[in-house]
Every structure is written in structure tokens, then in C-alpha cells.
Amino acid sequence: MRLLFLAVLRPHTGNAITAERLRDHLEAAGHMCVLRDAFDFESPSDVAELIAAENLEAALALHLYRGGRLLQGHGIPFGVIFGGTDLNEDANHKEKNEVMGKVLEEARFAVAFTEAMKDTAQMQWPHATGKIFVQSQGIATIPNVNFNWNTFLQQSEIDQNADNLYVFLVICGLRPVKDPLYLVDAFSEWHQEEPNVYMLIVGPEVDPAFTREVKDRVRRAAGVRLIREMCQEDLHAVVKSCFALVNSSVSEGMSAAILEAMDLEVPVLARNIPGNSAVVEHGVTGLLFTTPQEFIQLAKRLVSDPVLEKEIVTNGREYVRTYHSWQVERDTYQRLIGKLEASLED
């Protein structure tokens, strides 16, 4: 089957990485998958031209508003996947909410990453109950075995001779919803007390104005470094070598970086928001914080308590391998796309 897949494809961001993984799942089942960035299209009529030109028979969208609204009215069956900001932010805007409700009326199925996301969607759009499936993200990590951590630290201007170096890693696209500056002031104060703790912020420059603000703040913050985006294999190697993975987002669907850190046996400290608390059980698979001050308290506790660190790492790894199987994800999407294929034959 010839399939159109619309997603938000900012390089090296969560949605882009998820989209590439799902495309692999679909192509492994023998489908021809045309993956395109939803931002390349202004209206459904632009998509109609692509559907006709490529002779596409069905479609999938990752992000109910940005991708799903472009698939309406083409007469081809389609499914949608909730991204996170569609449920957490766009649903609060009346016009966008109505558009997404209409998309769900036409969609053959919808996928939520968590039960909580499914519940939120069903509360917003009761008519979609019955067509929303839960499939958590499948995780597979591939750290570059040739990555040189010491060279990376030198290039990042980190004193690698500091006794018991502790690197806390924030992975995110530089945009307000990811809130990479949330912990910067508190962390910088901690670094001035204890020079062996550092925070690295790694990710693509998504929002130019916000990126300038981040660069300006980080430049003045002791112990905090901003690193340009990296390829996935190198990024996984950095995660594996750091002390802890930190997520300070205002909104998340399901953070792949958190799950990848768990898979790589690295402890996670995450802001206590619904998307994060759905995968991080406080004190079991990670630590949840609600303020910068609480983050510092928990980070200090983690540094000083190797038993807690080991427990969290063990539980996190077990959680990911039990509930975020790459193979189960592949089977689910191949089955759901089979629904679209079957509808073509009806």
C-alpha cells in the first residue's frame, strides 16, 4: 500500500525520531511510506496535490492538529497519533479543538502513548471513544561505541579533572514548551558551591528568538553549557556517559529521551507534569520535581546515595524493557495500518 505519513520533522526532535522509527515499521511490512513534514503544507488542498501525484492510498499523521487537519476530505482512509502538545495545549483553543474533533470523526483509528493521554482525548472528544488505542513508544538505543567522552568534555569546556564529576544532561529542542532555562539559575548556584556538577543542554535551535535568549542566559550561568545538536548514536553515547538525564518541559506527550536514558541505565530527574509522571514513578523508576529548588534537593540526594541511584537505574531499565518493547510497537502499527488496507478492499 502507498501511504502518506505527515509529522512535524524538526531535526533530532522527539516527533521526528518517532516518525522515522514508525516509517521503518511500516516499510518492514511492505508498505511504501512517503514521510513529509506537516509544516511544508498550508492547507489540505496542498496535500491533495501530493496524494494525486504520488498515487497515495492511505495516510497517517503524527500530531492531531498539525498533521491530522491536513488529511481531511481526501477520500482516503487515515489514522492519527497524538503528539503531546495537541492534547496538552492545542485542545485548550476553541477553534483548534473543534478542528481536531472533526479530524477524529473521519480518522479510522487514533493512537495515544499513555492511558492518561487516551483519557484526556476521550474527555475532550467523547465521540472518539472506541477508536483510540494505547501504544507506548518502543525504545531501541544505539550508542556510538567509538564516542570519546573525555574529548567531548574538553570541547564542552568542562574540567574533567574535577573529582567525582557529575554531568546532568537536558535534551530538548530550544523552544519555550521545553523550558530548558527552568533550572539554569538554581543549577548555577549549586555549581558555585560544588564545582564538580555541570548541566549540559543539548538540542536543535528550533525557535530563533528563544534560542538567542537561551544562549544569552547560559553564557552568564556558571556550570551550564549549551551543546549543538548531535546525531542519535553520539547523543546516546553522551546519555550513557552522563550522571543523570533531566527533563524540565512544561508539556510532554511521552519523552523518548527519558525512556532512552532508562534503557541506557542512567537515572532520570523529570519535572512533574502528566506526560512525565506517566512513565516516571517517583523514587522507583526516577525522581519527579515541581520546583527548581526541589530539583536541586533531589539531585544532591542522588549524588550522595549510590544505593538509590542503583535502585532507580535497575527499576527504570526493567520498566522500559517490559512496557516499551520496540517489537510490540512494530506489531501494533502494522496491525493498525492493516485496518486502513482492509478498508480499501471493502
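Structure above, values below:
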{"read-out": "Region 22-35, subset part of a helix (DSSP H, G or I) and surrounded by fewer than 18 Cβ atoms within 10 Å (Cβ to Cβ), residue nearest to the chain's Cα centre (by Cα)", "value": "Asp24"}
{"read-out": "Filter pass, Glu318 being among the acidic types (Asp, Glu), over 17 Å from Gln135 (Cβ atoms), open to solvent by 70 Å² or more (accessible area, probe 1.4 Å) and in contact with a helix residue (DSSP H, G or I) (Cβ under 7 Å, 6 or more places away or on another chain)", "value": "no"}
{"read-out": "All positions within region 234-266 that are open to solvent by less than 20 Å² (accessible area, probe 1.4 Å), at pLDDT 95 or above, under 16 Å from Arg321 (Cα atoms) and not in a helix (DSSP H, G or I)", "value": "Leu264, Val266"}
{"read-out": "Residue match in region 87-103 (condition: in a loop (DSSP other than H, G, I, E, B), within 23 Å of the chain's Cα centre (by Cα) and in contact (Cβ under 8 Å) with a residue 12 or more places away in the chain)", "value": "yes"}
{"read-out": "Scope region 159-179; condition under 27 Å from the mean Cα position of the chain (by Cα) and either among the small types (Gly, Ala, Ser) or part of a loop (DSSP other than H, G, I, E, B) (or both); matching residues", "value": "Cys172, Gly173, Leu174, Arg175, Asp179"}
{"read-out": "Within region 215-232, tally of residues that are of a type outside the set (S, T, N, Q), surrounded by 15 or more Cβ atoms within 10 Å (Cβ to Cβ) and part of a helix (DSSP H, G or I)", "value": "2"}
{"read-out": "Given (1) open to solvent by 20 Å² or more (accessible area, probe 1.4 Å); (2) part of a loop (DSSP other than H, G, I, E, B); (3) at pLDDT 95 or above, index of the condition Phe133 fails", "value": "(2)"}
{"read-out": "Residue match in region 167-188 (condition: surrounded by fewer than 20 Cβ atoms within 10 Å (Cβ to Cβ), over 22 Å from Phe295 (Cα atoms) and not hydrophobic (A, V, I, L, M, F, W, C))", "value": "no"}
{"read-out": "Out of Ala256, Ala221, sole residue that is aliphatic (A, V, I, L, M) and either farther than 30 Å from Ala91 by Cβ or touching a Cys at 6+ places or on another chain (Cβ under 8 Å) (or both)", "value": "Ala221"}
{"read-out": "Qualifying residue in region 121-129 (condition: open to solvent by 20 Å² or more (accessible area, probe 1.4 Å), closer than 20 Å to Thr18 by Cα and not in a strand (DSSP E or B))", "value": "no"}
{"read-out": "Conditions (1) modelled with pLDDT of 95 or more; (2) surrounded by 20 or more Cβ atoms within 10 Å (Cβ to Cβ); (3) closer than 17 Å to Phe133 by Cα; number of the one not met by Ala58", "value": "(3)"}
{"read-out": "So Phe147, is it surrounded by fewer than 21 Cβ atoms within 10 Å (Cβ to Cβ), aromatic (Phe, Trp, Tyr) and in contact with a Leu (Cβ under 8 Å, 6 or more places away or on another chain)", "value": "no"}
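Matching residues to (1) open to solvent by less than 60 Å² (accessible area, probe 1.4 Å); (2) within 20 Å of Ile17 (Cα to Cα):
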| site | (1), (2) |
| --- | --- |
| Ile142 | no, yes |
| Glu194 | no, no |
| Asp207 | yes, yes |
| Glu213 | no, no |
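The values are calculated or read from the model by the stated rules, or taken from the named source; none is laboratory data. Bear in mind the structure is a predicted one, so any value in this text is a computation, not a measurement. Heads up, the Cβs are rebuilt from the backbone with ideal geometry, glycines too, and the neighbour counts pull from every protein chain shown. Ligands, DNA and RNA are stripped out before the accessible areas are found, and what is left, the full protein with its side chains, is counted by its heavy atoms. Shrake-Rupley method; radii C 1.70, N 1.55, O 1.52, S 1.80 Å.
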